[in-house]
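Quick notes on the structure that follows.
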Amino acid sequence: MQAFPAVATIAQDVRNGGRSARSFTDDALARIDAHGEALGAFLHVDVDGARAHADEVDRRAAGGDDLPLAGVPIALKDNLCTNGVPTTCGSRILSRFIPPYDATVVARLRAAGAVIVAKTNLDEFAMGSSNENSAFGPVRNPWDLARAPGGSSGGSAAAVAAGLVPVALGSDTGGSIRQPAALTGTVGLKPTYGRVSRYGLVAFGSSLDQIGPLSRNVEDAARVLAVIAGGDPRDATCSNDPVPDVVAGLEDGVDGLRVGLPREYFDDAIGDGVKTLVRRAANRLATAGATLIDVSLPHTSYGIPAYYIVATSEASSNLSRYDGIHYGHRTKDAADLAETYERSRTEGFGAEVRRRIMLGTFALASGYYDAYYDRAMRVRTLIRRDFEEAFEQVDVILSPTSPTPAFKLGEKTSDPLEMYLADVLTVTANLAGVPGLVVPEGLCDHDGARLPVGVQLMGPLWSEARLLQVGRWLERTREEAISIPEGAAS
Ligand code: GLN
């Protein structure tokens, strides 16, 4: 199967009348129809809504509207609210929820002419690293159907990697855009906390969550970011500062760039195949005039414990609204209110979500608050300072994203702690609020398969344009083409 044209090409074609938004939309719907089920990537395909919206985009384009994403088919992680279209969060508790409004990012995409074709599978409430925590079944990695695509934005990553849609949105609380991007050979961007409005994103860890694009190339990610970024009166944590042009400097290169290699991100827990490819990218940068500098982020190893206290605490609070009365599934025959709460929540939530609610409730309990939540917040400050100090010496940090390439479905499900540890290289950016971009670097042999490896670039707050510029350079000079995996969609 051939990949979709670049986002800019699709939009230009539609604006010029060369090809209709309807035809791009029908193409995406046909690809999803043929291959979506084998991957488990979608929870809802909005056939009628997408066609109607595509026709409207064609009318607007014919009327001369300036639509930067005219006719671009896009899939959305199913924790983003879509007006009139089911939004389940991969959970039984929301299996019948139809939001009466669009998330801000969804409204902005529609206004820019993008066509929302489907909602993608995810770990329940975005809690997981393999997409195996979805109540509606796992997602399969297009590079090897026996493997996980990563999580929690696994459906978005698999859909883009398999070429079913050109771009998708995910959300990233501790790595959920970047890790699946790394494991599926796609580009994934977690913007700075506050760059993109979270209004209409179903909350998991509100001080960590950000929405961002997954795409096949860096420019497409930049073009989607340009549309969704920027202040929103409905999200007080979203910055009102003007968003710099993230497309203009994409081809500017890396001469004179100072690149930090954090020693804690290259330790023995990180697989050799992954390290080799990250070093290859670093060496290429050095040859092109960048300076490689060893840096230290000394509190990295405290990232996982701090993250799993902050994230679960915020989740226990955020998820209290699903009580069978305000929101979500209500049990059939409960004797009283307390039993309604208890049974609705027990029936509606899966094992991992229940585990996190219990962990978070425990961490916030009076008497334990200082020992856990407060302490985790102090560690968070130390991690943020690690980054601030490193960025006094370097412009960007280059690191691995995931300790290994894609692991097998079922390989880590019996041990939640092992699954949590897979997030060690990504949770720090969320704790510090800094942006992270993942770009595929190549393929490596791992555990009997040939699998993609993505490198991670992190930068100071609000440095998306710089990350995208460096990511574009790495992509342009990459030694191997990352095409649609053969057999992905068979
Ligand atoms: N894997 C991490 C977790 O399970 C991150 C999830 C996310 O970023 N939404 O919490």
Global form of segment 350-409, assessed from the alpha-carbon gyration tensor, a/c cut-off 1.5:
oblate
From the phi angles alone, apply the Karplus equation (6.51, -1.76, 1.60; θ = phi - 60°) to segment 2-13 and give each ³J(HN,Hα) in whole Hz, x where the residue is Gly or Pro.
8, 5, 4, x, 4, 3, 5, 5, 4, 4, 5, 4
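Sort the chain into rounded, prolate or oblate with this rule: let a ≥ b ≥ c be the square roots of the eigenvalues of the Cα gyration tensor; rounded if a/c is under 1.5, and if a/c is not under 1.5, prolate when a/b is larger than b/c, oblate otherwise.
Verdict is rounded for the chain.
Please go through the residue pairs 332/412; 77/190; 119/332; 119/190; 77/408 and name each one whose alpha carbons sit more than 25 Å apart in this structure.
Numbers: 332/412 34 Å; 77/190 14 Å; 119/332 28 Å; 119/190 19 Å; 77/408 22 Å.
Correct reply: 332/412; 119/332.
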Below 9 angstrom from the Cβ of residue 123, what's the summed charge of the other residues (Lys, Arg +1; Asp, Glu -1)?
-3
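So what's the back-of-envelope 222 nm ellipticity for the chain, counting only DSSP H runs of four-plus at -39500 (n - 2.57) apiece and dividing by all residues, rounded to 500?
Roughly -11500 deg cm²/dmol at 222 nm, from the helical runs in the chain.
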With residue 22 itself left out, Lys, Arg at +1 and Asp, Glu at -1 over residues whose Cβ is under 13 Å from its Cβ give -3
Out of the chymotrypsin sites (Phe, Trp or Tyr not before Pro) in segment 81-157, which ones are loop residues according to DSSP with at most 14 other C-beta atoms within 10 Å?
101
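Laboratory data are not the source of any read-out in this text; all were calculated from the coordinates shown. None of these values were measured; they are calculated from a predicted model. Neighbour counts run over all protein chains shown; Cβ positions are idealised from the backbone, glycine included.
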